[in-house]
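Each value in this text was obtained by applying a stated rule to the coordinates, not by laboratory testing. Quantities reported herein were computed from a predicted structural model and do not represent experimental measurements. As a convention, Cβ positions derive from the backbone with ideal geometry for all residues, glycine included, and neighbour counts pool all protein chains shown.
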Amino acid sequence: MNDETITINGNECRFEKGQTILEVAEENNIYIPTLCYLKGATPTGTCRICVVEIEGYRRLETSCTTPAEAGMVVLTESPKVVASRKETLELMLASGNHNCAIGFNRGEDWTSVQLKTQEADDAGELCPAWGDCRLQELAYHYQVDGSKYAKRDVKYPMETVNPLIVRDFSRCILCGRCVQACNEIQVNRAINFGYRGADTKIVAGADVPLKDSACVFCGECIQACPVGALVEKKARYTWRPWEVNKIRTTCPYCGVGCQLWLHEKNGRIVKVTGVEDGAPNKGRLCVKGRFGYDFIYSEDRLKTPLIKKNGQFQEASWDEALDLVANKFKEIIKQDGPDALAGVSCARSINEDSYQMQKLFRAVFKTNNIDHCART
C-alpha cells in the first residue's frame with residue numbers, strides 16, 4: 001500500500017494531505033451519514049453520527065474531523081459503529097418534540113405522539129419537516145423508534161413573531177449547522193449558541209427574536225437546518241417533498257445569476273431553495289431570492305400598458321405606449337439635449353436586458369446617464 005491511500009470498508013482509496021476520512025469517503029461514493037456536518041464550514045463532530053471505527057484506535061472517531069492518514073483501515077458500518085449511531089439517534093429523538101421516528105408496533109402510543117405534536121404546533125398536521133428531515137431519514141435507516149428514553153420537557157416556546165421564519169426550539173437538536181451557515185457561510189453573525197448545559201439554546205443577539213437582531217433573513221439557516229427547527233413561515237404546512245416538482249432556474253432579482261430550485265405544487269411556487277452545487281451562489285441566497293416569489297401571483301400586477309389621460313390611467317396597446325415614450329424622448333433630446341435623459345435598469349432584469357438598456361442610452365441617446373437600482 002502506498003503512502004497516499006487508506007482502506008475504507010475494504011476499498012483502497014487515494015487521498016490528498018489535509019482531507020478528512022469523510023471527504024475521502026464521499027469522493028469514493030462510500031456513504032457515511034452526517035447531521036452536523038456543513039460543507040464549506042469548519043467541521044465540529046458535534047452530532048457524532050459520522051463516527052467510524054479505525055483499526056488500532058481505542059474509540060470511535062468522527063470522520064468529519066479526523067484527517068486521513070496513510071495506512072488507515074476504516075469501517076463505516078461495523079456493529080460497534082451502528083450501535084453508537086442508534087444510541088445517538090435515541091438521545092436526539094428524546095431531546096424534544098421529534099415525532100419523526102418509525103412507527104411500527106406503536107398502536108395507541110404512536111397515535112398519542114402524533115396528537116401531542118399537532119397540539120404543540122397548533123396545526124392539524126404533523127411536523128412541517130415531515131418527509132424532509134434528516135433525523136427522520138436516519139431513524140428509518142437505522143430502525144430507531146425513539147422509545148428508549150423518556151421525552152425531555154421543552155424549555156423554550158416557539159418563536160412565530162418573525163415575518164419570514166418560524167423557530168421551533170422543541171425540534172432543535174443543537175447540531176450547530178444554522179450557526180455555521182450564519183457565521184461562516186453568509187457571515188451575518190446574527191445567531192450563536194447561548195446558555196450552557198441543559199439550557200443550551202441557539203440565540204439571536206441577546207436572546208431576542210430574529211426580527212430584533214442583526215438577522216437579514218437570508219434564510220441560509222433554514223436551508224442548513226436538518227430537522228424542523230427552522231421553517232419558512234410562508235411554506236409551513238403548504239407542501240411535502242413528494243407533492244412538488246423541482247425546477248432549476250436563475251434568480252430574477254439581480255445580475256449575479258444565483259441558481260434556484262423552485263418547488264412547484266399545482267402550478268404555484270411554494271418554496272425556493274438554493275442549488276448547493278450550482279455556481280455562483282453554491283446554495284446561498286439573499287432574502288429576495290429565497291422569499292420574494294409572492295409578487296408573481298399578485299392581483300395588483302399590471303397586465304397591460306397604462307397611459308395617463310386627463311389625470312387618469314387608461315389601458316393602451318404596446319404599440320401606443322411605446323410610440324408615446326419614443327416621441328417624448330425625442331422631444332426632450334431636441335429641446336434640452338441627450339443628458340436631460342437618465343435611465344435606471346431594474347434589479348429584476350436579466351443581464352442581457354440591462355446590457356441592451358445601457359446600449360440604447362449610450363449608443364442611441366448619446367448619454368451616459370444610465371444606472372442600476374439594486375433595491376427595486
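Could you work out the equivalent-ellipsoid semi-axes for region 126-241, taking the square root of 5 times each eigenvalue of the Cα gyration tensor, largest first, in whole Å? Don't skip to the answer; put the middle values down first.
Details: eigenvalues 108, 60, 37 Å².
Output for region 126-241: semi-axes of 23, 17, 14 Å.
Taking trypsin sites (Lys or Arg not before Pro) as candidate sites, keep only those in a DSSP loop with at most 10 other Cβ atoms within 10 Å, then name the longest stretch of the chain containing none of them. Write down the numbers at each step before the final one.
Details: sites that count: K17, R58, R59, R196, R301, K303, R375.
Counting only loop sites that pass the neighbour cut-off, the longest clear stretch is 60-195.
So if I take the alpha carbon set of region 255-376, get Rg, then get Rh from the Kirkwood formula, what is the Rg over Rh ratio?
Rg/Rh: 1.06.
Give me the one-decimal nm value for the distance between modelled label points at A198 and N266, 7 Å along each residue's Cα-to-Cβ direction.
A separation of 4.5 nm, rounded to one decimal place.
Towards the positive end of the charge dipole of the chain, with charges on Cβ (+1 Lys, Arg; -1 Asp, Glu), say which of N183, G96, G278 has the farthest Cα.
N183
Could you grab the Rg to Rh ratio for region 306-373? Cα atoms only, Kirkwood for Rh. All intermediate terms of the calculation are to be shown ahead of the outcome.
Numbers: Rg = 13.5 Å, Rh = 13.4 Å.
Here the Rg-to-Rh quotient is 1.01.
In whole Å, what three semi-axes, largest first, describe the equivalent ellipsoid of region 238-300 built from its Cα gyration tensor (square root of 5 times each eigenvalue)?
Working: eigenvalues 75, 48, 14 Å².
Equivalent ellipsoid semi-axes, largest first: 19, 16, 8 Å.
Quick check for me: using +1 on Lys/Arg Cβ and -1 on Asp/Glu Cβ, what's the dipole size of the chain about its Cα centre, in debye to the nearest 20?
Details: 48 positive and 49 negative charges, 170 e Å.
Using Cβ point charges on Lys, Arg, Asp and Glu, the chain gives about 820 debye.
Once you have the Cα-Cα distance between S147 and D319, take 0.36 nm times their residue separation minus that, and quote the gain in nm to one decimal.
Between S147 and D319, full extension yields 54.9 nm more.
Which FRET efficiency value, to the nearest 0.05, is calculated for T7 and V208 with the Förster distance at 41 angstrom and r the Cβ-Cβ distance?
0.20
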